[in-house]
1. Evaluate the relative contact order of the chain (contact order divided by residue number), counting alpha-carbon pairs under 8 angstrom at least 6 apart; express in whole percent.
2. For Arg79, what residues show an amide H to amide H distance below 5 Å, using hydrogens built from the backbone and excluding near sequence neighbours?
3. Can you pull out the GluC sites (Glu not before Pro) in region 1-100 whose DSSP state is coil and whose Cβ has at most 15 other Cβ atoms within 10 Å?
4. Under the Karplus relation 6.51 cos²θ - 1.76 cosθ + 1.60, θ = phi - 60°, what is the ordered set of whole-Hz ³J(HN,Hα) values for region 81-92, x standing for Gly and Pro?
5. Report, in whole Å, the centroid distance computed from the Cα atoms of region 45-78 and region 86-119.
6. Can you run phi through the Karplus equation (6.51, -1.76, 1.60; θ = phi - 60°) for region 62-69 and list ³J(HN,Hα) in whole Hz, with x for Gly and Pro?
7. At Leu64 and Gln101, where each label point lies 7 Å from the Cα along Cα→Cβ, what is the point-to-point distance in nanometres?
8. Based on DSSP H runs of at least 4 residues, each adding -39500 (n - 2.57), what is the mean residue ellipticity at 222 nm of the chain after dividing by all its residues, to the nearest 500 deg cm²/dmol?
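The values are calculated or read from the model by the stated rules, or taken from the named source; none is laboratory data. Here the structure is a predicted model, which is why all the values come from computation and not from measurement. Backbone-built Cβ (ideal geometry, glycine too); neighbour counts: all protein chains shown. Surface areas here come from the heavy atoms of the whole protein model, side chains and all, with no ligands, DNA or RNA. Shrake-Rupley method; radii C 1.70, N 1.55, O 1.52, S 1.80 Å.
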Amino acid sequence: MPPATSLAERYEAADTWLARCSGRPHETHARWDADELAPIASGAHWLVAESRLTNGMPAAARILPEHRGPVLADPDADRTWWLVPPSAAEELADVRQVTVQPAGWTLRCPPCGWSVAGRWWLWRPDGTGLLTNPAVLAAAFGPGGPIRPTKETAA
């Protein structure tokens, strides 16, 4: 599949990927069509690393654009949810500003093109399955400047 080029194509690719992650794509799209959040359980495709928005925004700003995976934000709840690989829990265990939710935990998601119930994608999924590298995320919550991954963290 060639990369999406227009904004509408990018949103469609992202929504298609996210709906597939739900295991119930038609139900997910129906919720979005009704302007509702769609429940998507973590585990099979990604885990959710949760942080306070007030901590997550500065960390997000420290991640270079080419290393940004999907991040969902809810200002009213003061929460950000980072989509990370299913193997990320151990690597993020010592990052006290982040809680990795267990497999099966449900993230209530809006579509990629607009916000629903105050939730919006700070960084939208791109439709390819790109996730936030846990080493990059851990470093972003630590001291220092912009995160420039090594060969090991870029994979």
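1. Averaging sequence separation for qualifying contacts and normalising by length gives 31 percent for the chain.
2. Hits under the 5 Å cutoff: Leu53, Asp74.
3. For GluC sites (Glu not before Pro) across region 1-100 that sit outside H, G, I, E and B with at most 15 neighbouring Cβ atoms in 10 Å, the list reads Glu36.
4. 10, 9, 8, 10, x, x, 8, 7, 4, 5, 5, 9
5. The distance from the Cα centre of region 45-78 to that of region 86-119 comes to 9 Å.
6. Using θ = phi - 60°, the values come out as 8, 9, 5, x, 6, 10, 8, x Hz.
7. Label at Leu64, label at Gln101, 3.0 nm between them.
8. Counting only the DSSP helices, I get -9000 deg cm²/dmol.
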